[in-house]
């Protein structure tokens, strides 16, 4: 394993590489087609470079543990807006999630419906391309990006366009209070209708999820409200009245935090079988879920995100046919990930653009080669 401690060390390692290399941050997200090559670890390129609470910005080296970033922000009553998921429970991995890994995979949690994805909070990056050149794009303050927006391009590229060395984010104040409406007994169809109605209301819902089988074995729909105490109290009551459903309002901070961590990290997923992640139109979510033949489901983002557990080796895309969405194979054996495309196949015009970008940024074809195929 190659483990540089500096950005210059990363650049030297890539420039001198003669064969494919596997880029690893904390090693908690082994998603994608298995790739070969010597491991290039970014974990040593760690530390917070700049934090300006007044300007709502933070800059950290890519190998900085996510927990360190979140603890630093919490010290000033601030947070990352997009609520990044921790994949360790779902994938059965150890390691330590890094902020660079979050950006490389564009990891976003339940609050995405309100605050946007990881890439929407990202304002600057530094990375090493496949030729060993250090590239900077964006900045350390919130401003419009001119020229090519490599910030958005590199986020979610899974290390196939470059090795991240530094990332910059805009951050938000933490919320003072939280309330969760717990609605029991809804079918998938009724839950999607209720979540859509809640998200279309003026009450600023920051989380909308549905478990067909909750922790007590019964269906539960969860709607989250955050903000100042008086506002949360009013909005929770008004939303319950609007929906006209039997709903418990949970205010206990520990219980509400644990409940949304359960959703965010997909903690209820079975430990065996394959796990798929589908991005769909919320209005179509219940109908698509009914066609999956899954033995476990979770709905998030108001129905726009479906997590599904299927038998090992099942080709979900072949089972569904055209469905107007994207399906990613998140957890499966190496054999299944070799046999099936892990990421949703791109339309031919997009695939040509993608191939051209990879040829430009990784001319030697060495950065996580084949991972996204």
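Some values worked out for this structure:
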{"read-out": "Conditions (1) assigned to a strand (DSSP E or B); (2) under 19 Å from residue 363 (Cβ atoms): number failed by residue 15", "value": "(1)"}
{"read-out": "Wholly enclosed helices (runs of 4 or more DSSP H) of segment 68-124 bearing at least 2 residues surrounded by 19 or more Cβ atoms within 10 Å (Cβ to Cβ) and in contact (Cβ under 8 Å) with a residue 60 or more places away in the chain", "value": "99-104, 112-115"}
{"read-out": "Set 58, 2, 31: member being touching a helix residue (DSSP H, G or I) at 6+ places or on another chain (Cβ under 8 Å) and not assigned by TED's automatic domain parsing to the domain that holds residue 160", "value": "2"}
{"read-out": "Lone unmet requirement of (1) touching a residue at least 40 places away in the same chain (Cβ under 8 Å); (2) within 25 Å of residue 182 (Cβ to Cβ); (3) touching a strand residue (DSSP E or B) at 6+ places or on another chain (Cβ under 6 Å) for residue 306", "value": "(1)"}
{"read-out": "Failed condition for residue 217, given (1) free of Cβ contacts under 8 Å to residues at least 24 places away in the same chain; (2) in contact with a helix residue (DSSP H, G or I) (Cβ under 8 Å, 6 or more places away or on another chain)", "value": "(2)"}
{"read-out": "Some residue of segment 56-67 being in a loop (DSSP other than H, G, I, E, B), surrounded by fewer than 21 Cβ atoms within 10 Å (Cβ to Cβ) and in contact (Cβ under 8 Å) with a residue 60 or more places away in the chain", "value": "yes"}
{"read-out": "Candidates 238, 289, filtered to the one that is touching a helix residue (DSSP H, G or I) at 6+ places or on another chain (Cβ under 8 Å), closer than 16 Å to residue 194 by Cβ and in a helix (DSSP H, G or I)", "value": "289"}
{"read-out": "Residues of segment 323-351 that turn out to be assigned to a helix (DSSP H, G or I) and within 23 Å of residue 93 (Cβ to Cβ), as a count", "value": "6"}
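The values are calculated or read from the model by the stated rules, or taken from the named source; none is laboratory data. This structure is a prediction, so every number in the text was calculated from the model and none was measured. Cβ atoms come from the backbone with ideal geometry, glycine included; neighbour counts cover every protein chain shown.
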